[in-house]
Amino acid sequence: MTAGVAVTVALVASLGAFIAQSTASMTQRASASLPVDWQVQPGPATMGALSVHEAAAAVAKAARVTKQQAVGYADVDGFEATTGETVQTTGQGKVLGLESTYFQDFPAQFRLLLGNPDGALIAQQTAANLHVTIGDTVSIHGPGVAAANVRIAGIVDLPNADAMFQAIGVAPVAAPQAPPDNVLLLPMDAWQRLFGAEAAAGARRSRIQLHVGLAHDGLPGDPEAAFAQVQGAARNLETRIAGNALVADNLAARLDGVRSDALYAKVLFLFLGAPGALLAAFLTIGVVAAGSGRRRRDQALLRIRGASRAQIMKLAAVEAMCVGVGGTLVGLILAALLSRLFLGAGYFGASPMGWVACAAIAGVVLANAAILVAAWIGASTTSVTSARRMTGSARPRLWQRVYLDLFLLALSAIIFWRTWSTGYQVVLAPEGTPSSSIDYVAFLAPVLAWAGCGLLTIRLGLAGLRRGRGALAIWL
């Protein structure tokens with residue numbers, strides 16, 4: 001009985017550790033792959049907006065910040081370059097101003113293809129449009145600004161251009177669908193010389209953003225809880241800046257997409273692991289039921305010696321607590337070993353305390369329910385006189401007489417055939433976009449098959465014991 005309780009506790013505890021570890025891994029990967037967590041853009045100065053330094057101070061008070069950089073954005077009419085005997089021009093573009101430390105703080109924002117990051121950099125698509133390479137000169141044309149010539153020091157790729165050039169504070173349906181094709185990156189001091197005056201005056205074509213990296217070590221492992229924490233910090237920042245700046249919460253948007261995947265994973269893991277835990281619980285109940293004959297004899301001896309029903313139940317309660325506590329401790333130790341072996345982490349570090357408590361409660365409740373119920377039934381139906389007349393024969397149970405096992409197997413086969421004939425699949429990919437479609441009726445087929453096979457095994461086992469006792473004794 002203790003072994004059955006231990007297996008049940010180990011399965012429940014290991015399932016909780018696996019779910020917690022999987023969701024924590026999803027949260028960690030989602031947050032680690034994000035180049036910039038927040039993008040904060042102060043409003044125009046004419047509207048009483050915060051300065052860049054004030055916005056940076058508000059961000060530091062609202063959340064744990066690990067890195068923060070000011071980035072200049074300027075809209076220009078286009079770029080021009082002369083190569084050989086030809087002159088190439090482009091349409092509207094953007095010029096970014098970056099500090100020299102930006103590439104160390106946010107390395108995933110750029111991928112250097114040619115040259116070095118010290119100096120003016122040009123996007124790969126823009127370089128192809130202008131037919132320029134390292135050492136060529138590009139002219140910047142902007143309204144109210146004289147054409148400025150810069151020498152190209154390197155060519156870069158922008159893998160995160162969608163988020164870098166997103167329209168902050170605009171509804172997603174109204175935001176531009178594609179990043180700009182023409183992008184030039186300048187050192188911050190050069191950008192300030194060209195566009196700093198416009199940005200300070202609150203011009204709409206020139207502005208400065210704060211790119212913020214948050215501390216991820218304090219995020220909860222559950223994507224749902226991590227999303228709530230990051231979103232709460234963003235709302236705290238919005239309250240501090242009081243509408244004088246706009247916030248693009250890239251981290252919350254990424255976690256919002258991950259938490260639906262985590263919920264699906266939890267449901268899948270529970271459907272896969274719960275039958276094993278239930279089977280272990282039924283096995284424990286079966287072991288207790290197998291000792292009903294011994295229990296009846298013990299209770300009969302106790303009743304003959306004058307024991308009351310309450311005294312018998314107290315003895316059963318002591319037995320149940322010993323089995324429950326012992327099985328729970330063994331199960332938790334087994335779960336810790338499995339967690340260390342398969343998950344590479346300690347059990348109590350990989351699993352939340354809620355799952356530990358559920359596993360312990362499941363073990364204690366299972367032992368008490370199995371033993372005390374059997375003891376109470378025996379004590380209630382057994383008297384001294386009936387105990388002396390105990391016989392070994394027993395009438396077949398109701399499920400055996402109505403052939404419930406064969407009915408469940410037939411019903412399971414019908415449901416499985418119906419599900420298979422419709423071509424049902426859990427994961428669909430309409431037009432290349434994966435989505436999940438869960439038909440809970442489809443889970444009835446394996447559930448009924450489990451129950452039917454279990455009852456059929458009991459029927460065959462009892463039949464073999466009744467008709468083959470001699471052969472079984474010889475084999476044993």
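No lab work stands behind these numbers, since they all come straight from the coordinates. None of these values were measured; they are calculated from a predicted model. Backbone-built Cβ (ideal geometry, glycine too); neighbour counts: all protein chains shown.
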Segment 396-410 - phi-based ³J(HN,Hα) in whole Hz, Karplus 6.51/-1.76/1.60, Gly and Pro as x
x, 5, 4, 5, 6, 6, 8, 6, 5, 5, 5, 5, 5, 5, 5
Please list, by residue number, every one of the trypsin sites (Lys or Arg not before Pro) in segment 19-111 that is coil in DSSP and has at most 16 other beta-carbon atoms within 10 Å.
ARG64
How about LYS67: which lysines have a C-alpha closer than 29 Å to its C-alpha, ignoring those fewer than 8 places off in the same chain?
LYS94
Classify segment 61-103: rounded, prolate or oblate, from the alpha-carbon gyration tensor (a ≥ b ≥ c, eigenvalue square roots; a/c under 1.5 rounded; otherwise prolate if a/b is larger than b/c)?
prolate
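Over the chain, what relative contact order in percent results from Cα pairs under 8 Å that are six or more residues apart?
Numbers: 720 pairs, mean separation 112.8, N = 476.
Value for the chain: 24 percent.
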What residues qualify as long-range amide H neighbours of GLY78, i.e. H under 5 Å apart, gap of 5 or more or another chain, H built at 1.01 Å from N?
GLY93, HIS141
Would you please calculate the Kirkwood hydrodynamic radius of the chain over all C-alpha pairs and express it in Å, rounded to one decimal?
28.9 Å
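Any idea what the relative contact order of segment 71-229 is, in percent, if you count C-alpha pairs under 8 Å spaced at least 6 apart?
Working: 289 pairs, mean separation 48.9, N = 159.
Across segment 71-229, relative contact order equals 31 percent.
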When the charge dipole of segment 36-258 is computed with +1 at the Cβ of Lys and Arg and -1 at the Cβ of Asp and Glu, the Cα pointing farthest to the positive end, of ALA108, ASN182, THR239, is that of THR239
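What's the Cα-based Rg to Rh of segment 46-143, Rh via Kirkwood?
Ratio of gyration radius to Kirkwood radius: 1.06.
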Separation of alpha-carbon centers, segment 238-301 and segment 13-27, rounded to whole Å
10 Å
With θ set to phi - 60°, apply the Karplus curve 6.51 cos²θ - 1.76 cosθ + 1.60 along segment 338-344 and write out the HN-Hα couplings as whole Hz, x wherever there is a Gly or Pro.
5, 5, 5, 6, 9, 9, x
Go through segment 274-281 residue by residue and turn each phi into a ³J(HN,Hα) via Karplus (6.51, -1.76, 1.60, θ = phi - 60°); whole Hz please, and just put x for glycine and proline.
4, x, x, 5, 5, 5, 5, 5
